[in-house]
Amino acid sequence: MARRRFFVEEVRGGEAVLRGETADHLRRVLRATAGQRFEISDNRTAWLAEIASFGKQEVRFRTLEALPAVTMPVRLVLLASLFKFDRFEWMLEKATELGVEAIVPVASERSEKGLEQAAVRRAARWRKILLESSQQARRTVLPVL
């Protein structure tokens, strides 16, 4: 069975800390316990890690071993025309799952008026979608938006 993968800010001295909504989800929804094993990534290397302890809105991991890197045979950059945001968000999710390295939103001649300005406000939401899709697809490195 594949283990869930989570992204942490950094791995230092064989330890890592997961904070925020994801840590809360891990603790309350998944009901993780100390000693349980998961995969973590610092956006460079993937690690097999176990939960060492819980803090207030954080989960501390102790790394056990580095996992082998999975590299794509080609580097994919997707230039995606801006279109209705619900479908654009679905495209972000699927492109991430397929291994796209970078996604560049582009305003085209046929893009609806105002989408380019609205896209700036949606960037944080899109990054969250990329993070969640990357965890689901067990990627080691997040795609660049």
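Numerical summary
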| quantity | calculated |
| --- | --- |
| Count of region 36-58 residues which are over 20 Å from SER134 (Cα atoms) and not in a strand (DSSP E or B) | 3 |
| Matching residues in region 9-44 - criterion: being of a type in the set (Val, Ile, Thr) and modelled with pLDDT of 90 or more | VAL11, VAL17, ILE40 |
| Search result, residues across region 88-118 that are part of a helix (DSSP H, G or I) and either without any contact (Cβ under 8 Å) to a residue 12 or more places away in the chain or within 30 Å of THR71 (Cβ to Cβ) (or both) | PHE88, GLU89, TRP90, MET91, LEU92, GLU93, LYS94, ALA95, THR96, GLU97, LEU98, GLN117 |
| Qualifying positions in region 28-54 - of a type outside the set (Asp, Glu), at negative phi and within 18 Å of the chain's Cα centre (by Cα) | LEU30, PHE38, ILE40, SER41, ARG44, THR45, ALA46, TRP47, LEU48, ALA49 |
| Within region 59-87, tally of residues that are assigned to a strand (DSSP E or B) and of a type in the set (A, V, I, L, M) | 7 |
| Flag for GLN136 being exposed (fewer than 14 other Cβ atoms within 10 Å of the Cβ) and within 28 Å of ARG44 (Cα to Cα) | yes |
| Residue match in region 77-89 (condition: over 18 Å from GLN136 (Cβ atoms), at pLDDT below 90 and touching a Pro at 6+ places or on another chain (Cβ under 7 Å)) | yes |
| Qualifying positions in region 23-35 - touching a residue at least 24 places away in the same chain (Cβ under 8 Å) and not in a loop (DSSP other than H, G, I, E, B) | ALA23, ASP24, LEU26, ARG27 |
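The values are calculated or read from the model by the stated rules, or taken from the named source; none is laboratory data. Please read all numbers here as calculations on a predicted model, not as lab measurements. Neighbour counts are summed over all protein chains in view; Cβ atoms, including those assigned to glycine, are modelled from backbone coordinates with ideal geometry.
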